[in-house]
């Protein structure tokens with residue numbers, strides 16, 4: 001492991017690969033009356049995040065994906081019941097984040113049922129098979145799909161959900177965009193995924209520049225090394241890094257909305273860092289303007 005990677009992983013003294021008490025969905029204030037929209041929710045991190053929000057008491061949970069969502073909806077309702085939470089209103093919708101028509105249709109249904117959104121989690125993603133640019137196995141359409149899903153999808157969902165986030169005068173207005181630790185280092189064969197996730201970081205920072213005056217908070221989140229179907233598209237040599245429990249990102253994404261996080265605006269956050277320790281570093285982070293993509297000179 002390079003010195004850079006060691007420094008990045010140990011940005012907080014404690015490094016996590018599993019959930020821990022401070023981010024437990026049951027340990028903080030209930031999220032009653034909150035409306036949460038999660039894309040890419042049919043499996044993996046999106047599914048687990050919907051369940052964590054149900055455990056935290058969120059009243060309205062919108063789950064979107066191209067795959068069937070009936071099983072996820074049932075799991076979300078069961079999770080709330082198990083923790084003696086009120087049954088959330090779960091709206092399961094077909095969603096292709098790379099299709100403007102699909103996103104607009106989804107948003108219209110959300111507005112008709114709930115009127116407003118408090119939290120948007122742009123979780124839908126794509127990771128192509130890693131091959132070098134000149135390799136004959138490099139398919140241009142698959143390469144571009146990483147950009148279509150990871151950055152165009154993030155843009156479209158943010159663009160059309162934004163009015164539902166900003167329509168209320170105050171309160172919670174939070175956007176979480178899934179980036180990746182891969183955006184911060186170079187790896188052969190990943191010219192699409194890594195650059196798209198770097199673009200997500202830049203998009204997030206610029207989004208806050210445009211709307212922080214209206215109370216919007218947006219962060220780019222590395223969701224940890226979860227062994228999802230997509231993550232296993234990476235070469236085998238990287239699979240040893242896929243050692244995070246899916247509950248780690250899911251519960252961290254709940255923790256983020258339970259406090260005042262405007263100091264995080266536009267920044268890169270890793271769920272593998274200890275959140276309490278990260279909070280303790282906020283003065284230094286803000287003073288030095290850390291955790292943003294910059295050109296070193």
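The values are calculated or read from the model by the stated rules, or taken from the named source; none is laboratory data. What you see is a predicted model, and the numbers here were worked out from it, not measured in a lab. Heads up, the Cβs are rebuilt from the backbone with ideal geometry, glycines too, and the neighbour counts pull from every protein chain shown.
When residue 159 is tested against (1) closer than 22 Å to residue 265 by Cβ; (2) assigned to a helix (DSSP H, G or I); (3) under 15 Å from the mean Cα position of the chain (by Cα); (4) modelled with pLDDT of 90 or more, just one condition goes unmet, and that condition is (3). Which of the residues spanning the stretch 243-264 are over 21 Å from residue 205 (Cβ atoms), crowded, with 21+ Cβ neighbours inside 10 Å and touching a strand residue (DSSP E or B) at 6+ places or on another chain (Cβ under 8 Å)? 244, 246, 248, listed by residue number.
When residues in the stretch 162-183 are screened for being in a loop (DSSP other than H, G, I, E, B) and surrounded by fewer than 23 Cβ atoms within 10 Å (Cβ to Cβ), 6 of them pass. Of all residues in the stretch 184-198, those satisfying the criterion of being surrounded by fewer than 20 Cβ atoms within 10 Å (Cβ to Cβ) and not in a helix (DSSP H, G or I) are 185, 186, 187, 188, 189, 191. Restricting the first member to the stretch 268-292 and to residues that are over 20 Å from residue 223 (Cβ atoms), and the second to residues that are in a helix (DSSP H, G or I), the beta-carbon pairs closer than 6 Å and six or more apart or on different chains are 282/263; 286/263. Out of curiosity, is residue 219 under 28 Å from residue 34 (Cβ atoms), in contact with a helix residue (DSSP H, G or I) (Cβ under 9 Å, 6 or more places away or on another chain), part of a strand (DSSP E or B) and touching a residue at least 12 places away in the same chain (Cβ under 8 Å)? Against the criterion (under 28 Å from residue 34 (Cβ atoms), in contact with a helix residue (DSSP H, G or I) (Cβ under 9 Å, 6 or more places away or on another chain), part of a strand (DSSP E or B) and touching a residue at least 12 places away in the same chain (Cβ under 8 Å)), residue 219 qualifies. Here residue 177 meets each of (1) in contact (Cβ under 8 Å) with a residue 60 or more places away in the chain; (2) in contact with a helix residue (DSSP H, G or I) (Cβ under 7 Å, 6 or more places away or on another chain); (3) under 23 Å from residue 119 (Cα atoms) with one exception, condition (1).
Would you confirm, using the coordinates I've provided, whether residue 153 is closer than 20 Å to residue 249 by Cβ, assigned to a helix (DSSP H, G or I) and in contact (Cβ under 8 Å) with a residue 60 or more places away in the chain? Yes; evaluated as a whole, the condition is true for this residue.
Does residue 201 satisfy being within 21 Å of residue 52 (Cβ to Cβ), in contact with a helix residue (DSSP H, G or I) (Cβ under 9 Å, 6 or more places away or on another chain) and buried (at least 17 other Cβ atoms within 10 Å of the Cβ)? So residue 201 fails the test. If a residue must be assigned to a helix (DSSP H, G or I) and under 24 Å from residue 288 (Cβ atoms), how many such residues does the stretch 253-267 contain? Result for the stretch 253-267: 5. Counting only helices (runs of 4 or more DSSP H) that sit completely within the stretch 1-96, those holding 1 or more residues that are surrounded by fewer than 20 Cβ atoms within 10 Å (Cβ to Cβ), in contact (Cβ under 8 Å) with a residue 40 or more places away in the chain and out of contact with any strand residue (DSSP E or B) (no Cβ under 7 Å at 6 or more places or on another chain) correspond to 3-9.
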